[in-house]
Amino acid sequence: MSLVVRDLMIDCADPYSLASFWGAVLRRPVEGSAEGCGVSLPEGNQPSMIFFREVADAKQVKNRLHLDLNPVHGTLAEEVQRLTALGATVLARHGRGADLGWIVLADPEGNEFCVQSSDAEVAAVQAHLDAGEAETE
């Protein structure tokens, strides 16, 4: 017997508000039910949904599990600007050399998540490095 991950569950104080934030972050639809609200992920993803359910206790410590996001279009800086406009807070910046890296943010309820340099940014830096190596040969 094997298992698949059906949903990623996130406990929160306000499921609709947090699901709306994450729906805007991921540009995905929000679905509600009596149990809470969810953000549907594109078909074929496992898990298929990020589901937010109400709990009475507040978040108190650093997440043991977090989302690690990668921009499909644009740059890390553009995504962070968009996410902070939606209500995210920047917690830390981490460089990976050559203007690449990742930024740790928190959603409106304090749940940490990361956004990395886009694949296009990484490819551009790699192409620049490869061109420099070709010139020295």
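Where a number appears in this text, it was derived from the coordinates with a stated rule and is not lab data. Computed from a predicted structure; not experimentally measured. Cβ coordinates were reconstructed from backbone atoms using ideal geometry, including for glycine residues, and neighbour counts include every protein chain displayed.
Tell me the mean residue ellipticity at 222 nm calculated for the chain from its helices only (DSSP H runs of n ≥ 4, each -39500 (n - 2.57), averaged over every residue, nearest 500). All intermediate terms of the calculation are to be shown ahead of the outcome.
On the way: 3 runs with 41 residues, N = 137.
Only helices count here, giving -9500 deg cm²/dmol.
Which angle from 0 to 90°, rounded to the nearest 10, does the C-alpha axis of helix 15-26 make with the longest principal axis of the chain?
That helix lies at roughly 20 degrees to the long axis.
Karplus couplings for the stretch 76-91 from phi (6.51 cos²θ - 1.76 cosθ + 1.60, θ = phi - 60°), rounded to Hz, Gly and Pro as x?
Coupling constants for the stretch 76-91: 4, 4, 5, 5, 4, 4, 5, 5, 5, 5, 7, x, 6, 10, 6, 9 Hz.
So for each of 63-70, 51-58 I average, over its residues, the number of other beta carbons within 10 Å; can you give me the resulting order with the highest mean first? All intermediate terms of the calculation are to be shown ahead of the outcome.
Details: 63-70: 12.2, 51-58: 14.6.
Output ranking for 63-70, 51-58: 51-58, 63-70.
Evaluate the relative contact order of the stretch 1-58 (contact order divided by residue number), counting alpha-carbon pairs under 8 angstrom at least 6 apart; express in whole percent. Present the calculation step by step, with values, prior to reporting the outcome.
On the way: 103 pairs, mean separation 26.2, N = 58.
After rounding, I find 45 percent.
So, by mean Cβ neighbours within 10 angstrom, what's the order for 103-111, 39-47, 72-80 with the highest one leading? Can you show the working numbers first?
On the way: 103-111: 18.9, 39-47: 12.2, 72-80: 14.9.
Packing proxy ranking, top to bottom: 103-111, 72-80, 39-47.
Each residue of the stretch 30-42 in order: what ³J(HN,Hα) in whole Hz does its phi give by Karplus 6.51 cos²θ - 1.76 cosθ + 1.60, θ = phi - 60°, with x for Gly and Pro?
Using θ = phi - 60°, the values come out as 10, 10, x, 8, 5, 7, x, 10, x, 10, 6, 9, x Hz.
Can you list residues from other chains, or at least 5 along the same chain, whose modelled amide H is less than 5 Å from the amide H of MET9?
Amide H neighbours of MET9: PHE51.
Counting Lys +1, Arg +1, Asp -1, Glu -1, what net charge surrounds PRO108 among other residues with beta carbon under 13 Å of its beta carbon? It would help to have the intermediate numbers written out before the result.
Values: positive: LYS59; negative: ASP14, ASP107, GLU109, GLU112.
Combined, the nearby Lys, Arg, Asp and Glu give -3.
How high is the relative contact order of the chain, in percent, counting Cα pairs under 8 Å that sit 6 or more residues apart? Before the final figure, lay out each step's value.
Numbers: 224 pairs, mean separation 29.8, N = 137.
The value is 22 percent.
Counting only DSSP beta bridges with both residues in the chain, what percent are antiparallel, rounded to the nearest 5? Could the numbers behind the result be given before it?
On the way: 19 of 28 bridges.
Of the beta bridges lying entirely in the chain, close to 70 percent run antiparallel.
With viscosity set to 0.692 mPa s and temperature to 37 °C, compute the Stokes-Einstein D of the stretch 1-58, Rh being the Kirkwood radius across alpha carbon pairs; µm²/s, no decimals. Don't skip to the end; give the middle numbers.
On the way: Rh = 11.6 Å.
This corresponds to a translational diffusion coefficient of 282 µm²/s.
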